[in-house]
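FYI, it's all coordinate maths here, none of it is from the lab. Predicted model only: the values in this text are computed from it and were never measured. FYI the Cβ positions are ideal-geometry reconstructions off the backbone, even for glycines, and counts take in every protein chain you see.
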Amino acid sequence: MNGKRNTIYAASYVLVKRNKDILLLRRHNTNYQDGKYTLPAGHVDEGELPSQSAIRELLEETGLTVAVSNVRHVHTMHRLSDSDRTYVDYYFEASDYSGQPKIMEPDKCDDMIWVNIDTLPEEIMLQNVVYALERIKKHETFSEFNQGVFRVGI
């Protein structure tokens, strides 16, 4: 390409499952894809491991707590975002979490819903999250996403 090295951002996403349902949050007042639903998620902070980020973000956004032993990696996505950033997204599944989910950051989230993973409301979700969830259902551990151009990795 142009020989310029990438600056890569990292984010962690958490699938909170209740039988066949997963928890989604609606983005609000974030200046990025507001009004769209996504999983509990956030950037991996400097010096933080992706699994630690997943646990922290889950608590900050939903009030749910989960032990590191109950967080399992299920997918990694290399993503070129529509904001001209390159991301590596880590998807984790949380099992045996404690607490009742509630909106903990009303300045960033204005709704929380449970949806069946087999009938996702794709039209109101972040498309990279929809794509990752489809790959996860197929037990694929890696994918690539490029602003609507999808390529499944190894």
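Diagonalising the gyration tensor over the Cα atoms of the range 12-93 and scaling each eigenvalue by 5 before taking the square root yields semi-axes of 20, 16, 12 Å, largest first.
Beta bridges per DSSP, both residues in the chain: antiparallel share near 65 percent. Shown here is the pair-distance distribution of the chain: with all Cα-Cα distances grouped in 10 Å bins from zero up to the longest one, the shares run 11, 42, 38, 8, 1 percent. Given 10 °C and 1.306 mPa s, how large is the Stokes-Einstein diffusion coefficient of the range 89-136 in µm²/s, with Rh as the Kirkwood radius over Cα pairs? D = 123 µm²/s. For Arg56, put the label point 7 Å out on the Cα→Cβ axis and report which residues of the range 94-111 keep their amide N under 12 Å from it. Nothing falls inside the zone, counting backbone N under 12 Å. For the pair Leu49 and Asn70, a Förster radius of 25 Å applied to the C-beta separation gives a FRET efficiency near 0.95, rounded to the nearest 0.05.
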